[in-house]
1. Are there any pairs with C-beta distances below 8 angstrom linking a residue in the range A:224-243 that is more than 18 Å from residue A:177 (Cα to Cα) to a residue that is among the hydroxyl-bearing types (Ser, Thr, Tyr), with the two at least 6 apart or on different chains, and if so which?
2. If a residue has to be in contact with a Pro (Cβ under 8 Å, 6 or more places away or on another chain) and in contact (Cβ under 8 Å) with a residue 60 or more places away in the chain to count, how many in the range B:24-58 make the cut?
3. In the range B:173-190, is there at least one residue being β-branched (Val, Ile, Thr), in contact with a helix residue (DSSP H, G or I) (Cβ under 8 Å, 6 or more places away or on another chain) and in a loop (DSSP other than H, G, I, E, B)?
4. Among all residue pairs at least 6 apart or on different chains, which show Cβ distances below 9 Å where the first residue, located in the range B:239-250, is within 14 Å of another protein chain (Cβ to nearest Cβ) and within 16 Å of residue B:261 (Cβ to Cβ) and the second is among the polar types (S, T, N, Q) and crowded, with 19+ Cβ neighbours inside 10 Å?
5. Select from the range A:196-215 the residues that are modelled with pLDDT of 85 or more and under 11 Å from residue A:109 (Cα atoms) and list them in ascending order.
6. Could you tell me whether residue A:142 is closer than 23 Å to residue A:222 by Cα, touching a residue at least 12 places away in the same chain (Cβ under 8 Å) and surrounded by 13 or more Cβ atoms within 10 Å (Cβ to Cβ)?
7. Looking at the range B:338-356, I want the residues that are free of Cβ contacts under 8 Å to residues at least 40 places away in the same chain and have a partner that is assigned to a helix (DSSP H, G or I) and among the hydroxyl-bearing types (Ser, Thr, Tyr) with Cβ atoms under 8 Å, at least 6 apart or on another chain. Which pairs are those?
Amino acid sequence: MKSAVSREASTPLDTTDSLTPTLRRKRKKGVAGYAFVSGYFVLLILFGVLPAAYAIVLAFTASGGHFTGLTNFIKTGEDFRFLPAFENVGKYLLIWLGSLVVIVLGLALMLHSIARRVSAAFRFIFYLPGALAGAASVLVWLFMLDPTVSPWRLFLGVFGFKNLGQTILPGHLPLIFAIIAFWAGAGGWIVVTYGALNNIPNELIEAAQLDGAGAIQTALRIKLPLIKKWIVFMLILAFAAGTQLFVEPQLVGEASLGLISPTWSPNELAYYFAFQDNNFNYAAAISVDLLVIGLLCAAVLVFRTKLFEVE
Amino acid sequence: MALATFGFVEAASAAKAKKPTITIWVDSTRVPQVKAYEKAHPTVKIAMNIYNGNANGSGTLQSKIALDNRVGNGWPDIVFSEENNDAASLASPQFNYPAVLNKGLVSKKILGGYAAGTLAGCTVNGKVYCLRNDLAMNVLFYNSALMTQFGYTVPTTWQGWQTLGEQVATQHPGYIVGSVGDNWDDDIYLWPSECHVDDVVKTDTIDINAADPNCTRATQLIDPLIKDGAVTTDSVFSSTFGTTYNNKILMMVGPAWYGQYLFPGLVTKGDLAVADPLSWGSGPTVTGEVGGGLWFMSSHVTGATKTLTASILTWLSTSYGSQGISPGYPAYVADETPWIAGQQASGLYSNQIAPVFAKAATEVWSGWSPVPWSTDSVFGSTVVTGLNSGSTMTSQLAGFASQLADFAQSDGYTVVTTP
């Protein structure tokens, strides 16, 4: 607040304008804000809201276009592949979100407490795997997981895996996909969380240290509560992305010449309905299921943690 | 100036109408066949698109056709599919893709030139929707040099195969008599055993019974061999199969195309031999088949282009110029003799393959029907993954059948279980 005031005072004012400087500034600020948001807003409408609305229309209609109520939801819910797909993704999310919170926060807190130069190098290293786009990172992992070509074949051998089929058994998949997701995505979140930690005023941390708080106590009692909203934000986005798991099971399935069910995740099941059974309405119903689940979880987190409240 | 411009546009569009581009989708194995067509017909414009051949239940073709149907254009004019069930799927009202070939597009002479029953999988309610590329019936491949060296005789029955497998496991560990590591192995072991898990008994009614003794007799033979290591659970196309089993495959039941596609590099040239499909001792000998490949033409091709497209389709599937370079045993009878001669001349085989292939081609059991879902894919995600986790083939049968029944029911079939 202080800095804003001082900046305002130092700005040269245009005295020729009939509007008062404050009013003009306000109007300008407003226009600039809209201009900045407009690009995103247009894209959001085109590629976010409209497709979602189209999916909702499809989900409540039959292929002929007439309204069918909840039929599509009931029929897809009764399908033999529906529950297993949601179970698979549920297990994956538990591992992925759990490790995300614990390990990402742990690493970010650690980076924040070590020397700045070393921490920058570490942040860069953590972020690196994220530079590989989704499909490419899965391909890297296909080599890592195949004991016949993997640089980690000794390690895989310890578990008794002798071929790719043994590594990618159905029971191992949630963990494998969580590791891939973590490897590719955690670095970005470590950088974001580190940024959040940097926002904490130094005075607060110094005050805590003066009161006798050690590194761990400062981390748990001062830093964590202050970045709570960032953690919630991370969880909402990671949850939404996680429920949409598609590329990983699809590619691993193709690479193993079909040893994974083509409907492993709900998103794959929706894809199957749309393109194997040519039933876009069923596919839309599953997309809407995912949308509702994502919104509900986000709502719970937002309201429980008062994410949108401005102090 | 304006007139001249219009004249030019008109002439150009007329030339364009005369010379349409025919879009052909094939898997990488079929590329040389399309290239051979282009070479033989330099005036025809071909746009070739390479895709995964719709293999292993990937459903890529269905995905593309569904999208093309949605936007109302973009269909490939000709497409090759490795999935033998595709006529049933693509001709269904959901996709409505392939053109009917036996109503004037392809001559009766050509259709009659196929080996008896080979177009059955292409025929739905009397309409022929595709032409077969090759016959992929299973035969018994063996290494004749190893057989002589070990002093074994080539078995003629599955029971004999198992006994020899047990012998190999104790006398020559490391050598194998088969593999169950791929999702098409149901076609290699369960189909020839007349296992009723894929038998469409009448329209929309399918017989699925994993408890069928015909299914368990096969799996109970194989399970001990897997345990002993005489049958491997490695995929035959895994990256190290070639190095691990180089000249260590004593026998392997597999489709005719294994000969030219899998074995070169695995068996010393001149040591590979083929024998008749194994029998079960009683009843007529039957066998299964793995793929074979189908050529489809789009029903969305119209006007004069129709005749040209049909002629390309016919050339690719029946001419020796195309079939002579295909790794599979041609389904079109006239191509078989020269194809066999070419194979024999390659020096890969130590015995005569013609009588074995010709006989086996007529022995494919008809109780394994084309259905809109991929039986192989279900076998892969249930039985093969089960084997990889240390379970037995026999114990995975129930799960395999129950998932097949789920697929059948969700596609509107009534599932029956014959005792």
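1. Here the result reads A:227/A:193; A:228/A:305; A:229/A:305; A:230/A:193; A:231/A:193; A:232/A:305; A:234/A:193, each pair linking the range A:224-243 to a residue that is among the hydroxyl-bearing types (Ser, Thr, Tyr).
2. Kept after step one, since they are in contact with a Pro (Cβ under 8 Å, 6 or more places away or on another chain), are these residues of the range B:24-58: B:24-25, B:29, B:45, B:49, B:57-58.
Filter again for in contact (Cβ under 8 Å) with a residue 60 or more places away in the chain, leaving B:24, B:29, B:57.
Selection size over the range B:24-58: 3.
3. Residues of the range B:173-190 β-branched (Val, Ile, Thr): B:176-177, B:180, B:188.
Restricting the remaining residues to those that are in contact with a helix residue (DSSP H, G or I) (Cβ under 8 Å, 6 or more places away or on another chain) gives B:176-177, B:180.
So of that shortlist, the ones also in a loop (DSSP other than H, G, I, E, B) come out as B:177, B:180.
For the range B:173-190, residues β-branched (Val, Ile, Thr), in contact with a helix residue (DSSP H, G or I) (Cβ under 8 Å, 6 or more places away or on another chain) and in a loop (DSSP other than H, G, I, E, B): present.
4. Cβ pairs passing all conditions: B:241/B:179; B:241/B:232; B:241/B:235; B:245/B:179; B:245/B:232.
5. Scanning the range A:196-215 gives A:196, A:197, A:198.
6. Numbers: closer than 23 Å to residue A:222 by Cα: no; touching a residue at least 12 places away in the same chain (Cβ under 8 Å): yes; surrounded by 13 or more Cβ atoms within 10 Å (Cβ to Cβ): yes.
For residue A:142, the condition - closer than 23 Å to residue A:222 by Cα, touching a residue at least 12 places away in the same chain (Cβ under 8 Å) and surrounded by 13 or more Cβ atoms within 10 Å (Cβ to Cβ) - is not met.
7. B:338/B:320; B:339/B:320; B:354/B:337
Residue-by-condition table, conditions (1) in a helix (DSSP H, G or I); (2) closer than 30 Å to residue A:114 by Cα:
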| residue | (1), (2) |
| --- | --- |
| A:209 | yes, yes |
| A:225 | yes, yes |
| A:230 | yes, yes |
| A:235 | yes, yes |
| A:248 | yes, no |
| A:261 | no, no |
| A:264 | no, no |
| A:285 | yes, no |
| A:290 | yes, no |
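The values are calculated or read from the model by the stated rules, or taken from the named source; none is laboratory data. Predicted model, so just to flag it, every value in this text is computed and none were measured. Reconstructed Cβ throughout: ideal geometry from the backbone, glycine too, with neighbour counts over all protein chains shown.
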